[in-house]
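Taking it in order: structure first as structure tokens, then the write-up.
Every read-out reported here was derived from the displayed coordinates using simple, explicitly stated rules and does not represent laboratory data. Everything quoted here is computed from the prediction, not taken from an experiment. All Cβ positions, glycine included, derive from the backbone under ideal geometry; neighbour counts span all protein chains shown.
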Amino acid sequence: MGELGEGFVVGGGFPPWDDPSPGMRFANELQAKYRPTKKVTHIMYIAGIIEAMVQLEAVRIAMQEVPFEKLRPADVLEKGVWRIKNLDTGGITSTPLTYGPEKVEGIDASRVDQIRKGKIVKVGLYPLRHLY
């Protein structure tokens, strides 16, 4: 965006691709391995990684109570997703993820970024207000 984007503020984003966090390093490693000649830079790639982390953790937790052969979607939700507490995404999400029947957002605060000198800079977190 060049000069036009200077100072732009956005809430709810993810770290930039050059962020040194473990989660973004992992995302870049996935790109290097599976898309070495045509990287996907769309934000939904990162959202997909988070979704995979959540689903994997939900199945892992649910299988502590229900064997794989008997596992149903409701088990994954009730015995898995709703029991995820402080899931570390390596810094991809603004806070660790915690879910429950009354807590569907996962995060506790939204990341706020600003474009400064052409770079995405994290300026802070803003608490969620659970307005749904």
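Brief remarks on what is shown
- In units of the compact-protein estimate 2.2 N^0.38 Å, the chain shows a Cα radius of gyration of 1.21.
- Too-long pairs where the Cα-Cα distance tops 29 Å, listed order kept, from K39/K79; K70/K103; K33/K103: K39/K79; K33/K103
- Helix 43-62 axis versus longest C-alpha principal axis of the chain: approximately 20°, rounded to the nearest ten.
- Calculated FRET value between E78 and R25, using beta carbons and R₀ = 25 Å, to 0.05: 0.15
- With each label modelled as a point 7 angstrom along the Cα→C-beta vector, the I43-R60 pair spans 2.7 nm.
- Entry note, the chain: the mean residue ellipticity at 222 nm calculated from DSSP H runs of n ≥ 4, each adding -39500 (n - 2.57), is -8500 deg cm²/dmol after division by the residues and rounding to the nearest 500.
- In Hz, Karplus ³J(HN,Hα) per residue of the stretch 100-105 (6.51, -1.76, 1.60; θ = phi - 60°; x = Gly, Pro): x, x, 9, 9, 9, 6
- To the nearest ten degrees, helix 22-34 and the longest principal axis of the Cα atoms of the chain are 90 degrees apart.
- Hypothetical label at Y34: residues of the stretch 51-79 whose amide nitrogen lies under 16 Å (7 Å Cα-Cβ projection): 51-57
- Spin-label model, K103/N86: points 7 Å from Cα along the beta carbon direction are separated by 1.1 nm.
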